[in-house]
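Just below is one structure, and these are the notes that go with it.
The values are calculated or read from the model by the stated rules, or taken from the named source; none is laboratory data. Just so we're clear, the structure is a prediction, and the values are computed from it rather than from any experiment. Cβ: placed from backbone, ideal geometry, glycine included. Neighbour counts: every protein chain shown. Remember, those area values only see protein heavy atoms, side chains included, never the ligands or the DNA or RNA. Shrake-Rupley method; radii C 1.70, N 1.55, O 1.52, S 1.80 Å.
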Amino acid sequence: MLGWKHRRAPLRSEWAKKRYLNTLFIFTVREPKAWLRAMGKQTWNPQQPETNNLSFSQLLTYPFEDYESIIHMWNEKHSSYIKMANEVPYAIFIKKEDFSSDQKNTYDQLSHYLPTKSTFQPLNIYVNGSGTQNNQNHKKQDKDYPSFNQQDLNVVDAYLDKKIAHYFGYIK
């Protein structure tokens, strides 16, 4: 295993030691504000349980693991994904919101890398990180996630790496 979803991508010195020349690396990305809101709902960080007691505004600027904040975490991990994707022979980015809105299109993109064709099977039920089954088509209520106030938006605007957000089409 080369990593965890909330960490930077492995460095070339880490992945080059193994045989990954025929591996397709699939990087999943999520719109920054949606990702921040999801982190604000549940940080899933047993090493820093205090983060679950912070307000959303506090969490945006709170040191998180070895990152300056969760905004910096988004910047650094996505920057490392881009770097690794440019170093390995096969890599693809899948945006969470694209998968949620059109699984078939995502399947079609991935099928170009498959040696044999298979039949598309939509994902209607999945098991989330807490082991709970959810219906993929059931949208979570917006009220379940924290909201940005103007000060929060100013903080995000100040720290979000706009070049990276633009790379993924999140900023026009």
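Taken over the chain, the percentage of Cα pairs per 10 Å bin, counting from 0 up to the bin with the maximum distance, is 8, 32, 37, 20, 3, 0.
Among Ile94, Ile70, Ile125, the largest mean-square fluctuation in a Gaussian network model of the chain, built with springs joining Cα atoms closer than 10 Å, belongs to Ile125.
Between region 39-57 and region 71-130, how many Å separate their Cα centres? So the two Cα centres are separated by 26 Å.
Return the subset of Lys77/Lys104; Lys17/Lys96; Lys77/Lys172; Lys17/Lys95; Lys5/Lys163 for which the Cα-Cα distance in this structure is over 23 Å, preserving the input order. Present the calculation step by step, with values, prior to reporting the outcome.
Numbers: Lys77/Lys104 27 Å; Lys17/Lys96 30 Å; Lys77/Lys172 21 Å; Lys17/Lys95 29 Å; Lys5/Lys163 21 Å.
In this structure, Lys77/Lys104; Lys17/Lys96; Lys17/Lys95 exceed 23 Å between Cα atoms.
Free of any chymotrypsin sites (Phe, Trp or Tyr not before Pro) that DSSP assigns to a loop and that have at most 14 other C-beta atoms within 10 Å, the longest stretch within the chain is 45-112. Near Lys95, the amide H atoms lying under 5 Å from its own belong to Val29; only residues 5 or more places off or on other chains count, and H is placed 1.01 Å from N.
Comparing Ser69, Thr106, Phe27 along the charge dipole axis of the chain, the residue lying farthest to the positive side is Thr106, per the Cβ-charge model.
Think of the chain as having a plus end and a minus end, set by charges on the Cβ of Lys, Arg, Asp and Glu; of Gln58, Pro10, Leu160, Pro10 sits farthest toward the positive end of this dipole. Qualifying trypsin sites (Lys or Arg not before Pro) in region 67-127, where qualification requires a DSSP coil assignment and no more than 16 other C-beta atoms within 10 Å, comprise Lys117. Of the GluC sites (Glu not before Pro) in region 48-104, the ones in a loop by DSSP (not H, G, I, E or B) with at most 16 other beta carbons within 10 Å are Glu65, Glu68. Computed in the context of the full set of protein chains, the accessible area of the chain at 1.4 Å probe radius has 51% of its extent on carbon or sulfur.
Taking every protein chain into account, the accessible area of the chain amounts to 64 square angstrom per residue (probe 1.4 Å).
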